[in-house]
Amino acid sequence: MALGTILLVEDDASVRTLVERALSVKGFTVFAAENGERARQIMQASDPAAVLLDINLPDVDGIELCEQFRAETKKEMPIVFLTSSDTSDIVIKCLEAGGDDFVVKSAGVKAIINRVESWTVKRGYSDLAKTRAQKLERLRAALK
Amino acid sequence: MIALTAHAMKGEQDRFVERGFDDYMSKPVDLPTLRDRLQRLSRQTAAKPPAKRRADRGGAVINKARLEEFLELFDAPDVRDILERFLTDSRASVTNLQAGFAQKNYNEVLRLAHDLIGAASNHGASRLSDLAKSIEVGAGSDEGSEEFALSVAALSREHDAAVAGIRNWLAEIDGKAQSGGS
């Protein structure tokens, strides 16, 4: 069962692998990026159902990257920040940059996965992507 | 043992648990709440041997609740694989962080400490994560102090403890799987 694609942007290899594997178990397709540059490439080439975005990246601030995603693409996918702390100034920055939510890494992998599910499966974002794909498919068929 | 206290602040409460209390209540004491807490504690005491309860406290090397989440998501070989990978990666982070400190490259110390906070807490190595947190805080202000140097040095020992704690837990899981399966 394919639930849609998640763009996971996280520089720490063990966290990235853990979250990637857990999302795959739950039925998501995962595109993982270890830095902002790779994340931009993936974003240009795909239409993720949601983005999980670490704040501390080696080449760019995750908050800046979120602003760029919102400014440069018309895509409305939910963006969920991965943070190490939940101090209010960080949370406010995440939301001001166009993020939808945040989850603290210390809450554990299950909490991270649950957050992605609640932004995609439960809110119908993956359905939205599916409907869009079907519409496109019909258009293509009609054009033939 | 329940601490009765006038200090209802969050930080204060954690200190009581660290010092060996099982629970805490702020004064004035509400009797129905006290009854509930006592019942809960006596159930816990009946369910768990004392040594185990101590290991489950706030200052424990590993957070078993985090590790048990892994069993809900992955099968046992994958859990082992994920955790062993974390132990290898985090060992490298500790070595690099200590090298960065020796070279006074505090930006590198800060970056590695920050990543280690998230990675360790996610993989159940709670005390390693706490130590990384104190290094992250100190890296911006206090990196010349003796206390900071001691914290950086203590990372090796704390990582060893995490390795032992996680491998013990894995062995427990294997034991349970064998006794349950046969």
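We did not get these values from a lab; they are worked out from the coordinates using the rules stated. Please read all numbers here as calculations on a predicted model, not as lab measurements. Every residue, glycine as well, gets a Cβ built from its backbone with ideal geometry; the counts of neighbours run over all protein chains shown.
Mean projected area of the convex hull spanned by the Cα atoms of segment B:106-182, taken over all viewing directions: 5.2 nm².
Quantify how strongly other chains surround peptide A:7-13 by giving the mean number of their Cβ atoms within 10 Å of each of its Cβ atoms. Write out the running numbers ahead of the final one.
Details: counts 0, 0, 0, 3, 4, 12, 9.
Other-chain Cβ atoms within 10 Å of each residue's Cβ, averaged: 4.
The convex hull of the Cα atoms of segment B:68-109, projected and averaged over all directions, covers 3.5 nm².
Taking all Cα pairs closer than 8 Å and separated by 6 or more residues, the relative contact order of chain A comes to 21 percent. Principal-axis analysis of the Cα atoms of chain A puts helix A:13-25 at an angle of about 40° to the longest axis. Distant-in-sequence amide contacts of A:Leu57, defined by a placed amide H-H separation under 5 Å and a gap of 5 or more residues or a different chain, comprise A:Gly62. In this structure, the amide hydrogen of B:Tyr24, modeled 1.01 Å from its nitrogen in the peptide plane, lies closer than 5 angstrom to those of B:Ala3, counting only residues at least 5 positions away or on a different chain.
Counting only Cα atoms, I'd like the Rg/Rh figure for chain A, Kirkwood definition for Rh.
Working: Rg = 15.1 Å, Rh = 15.4 Å.
When Rh is taken as the Kirkwood radius, the ratio is 0.98.
Each residue, A:Ala45 and B:Glu108, gets one label point 7 Å from its Cα in the Cβ direction; the gap between the two is 3.2 nm.
The distance between label points at B:Glu84 and A:Glu67 comes to 4.5 nm (points 7 Å beyond Cα on the Cα→Cβ vector). With the convex hull of the Cα atoms taken as the outline of chain B, the averaged projected area works out to 12.8 nm².
Among the residues of B:110-116, the average count of other protein chain beta-carbon atoms within 10 Å of the residue beta-carbon is 4.
Sort A:Trp119, B:Trp169 so the one with the fewest other Cβ atoms within 10 Å of its own Cβ comes first.
Values: A:Trp119 22, B:Trp169 19.
Fewest-to-most ranking of A:Trp119, B:Trp169: B:Trp169, A:Trp119.
Spacing of the modelled spin labels on B:Glu146 and A:Val25, each 7 Å from Cα toward Cβ, amounts to 4.7 nm. Annotation: amide H of A:Asp101 within the under-5 Å range of A:Ile79, A:Phe81, sequence separation 5 or more or interchain, hydrogens built in the peptide plane. Computed from Cα atoms, the angle from the helix A:36-45 axis to the main principal axis of chain A rounds to 10 degrees. Here segment B:89-142 yields Rg over Rh of 0.95, to two decimals, using C-alpha coordinates and the Kirkwood radius. Taking every DSSP helix (H) stretch of at least 4 residues in chain B, weighting each as -39,500 (n - 2.57) and dividing the sum by the residue count yields a mean residue ellipticity at 222 nm of -25000 deg cm²/dmol.
Using Cα atoms only, what is the angle between the long axis of helix A:109-119 and the major principal axis of chain A, expressed in degrees (0 to 90) to the nearest 10? With both axes taken from Cα atoms, the answer is about 40 degrees. DSSP beta bridges fully contained in the protein assembly as shown are about 5 percent antiparallel. Phi angles across segment B:105-118 convert, under the Karplus curve 6.51 cos²θ - 1.76 cosθ + 1.60 with θ = phi - 60°, into 3J(HN,Hα) values of 8, 6, 5, 5, 4, 4, 4, 5, 4, 4, 5, 5, 4, x Hz, Gly and Pro given as x.
Just checking the listed ones, A:Gly36, A:Gly99, A:Gly27: in the Gaussian network model of chain A with Cα springs under 10 Å, the one fluctuating most is A:Gly27. Expressed in units of 2.2 N^0.38 Å, where N is the residue count, the Cα radius of gyration of the protein assembly as shown is 1.13.
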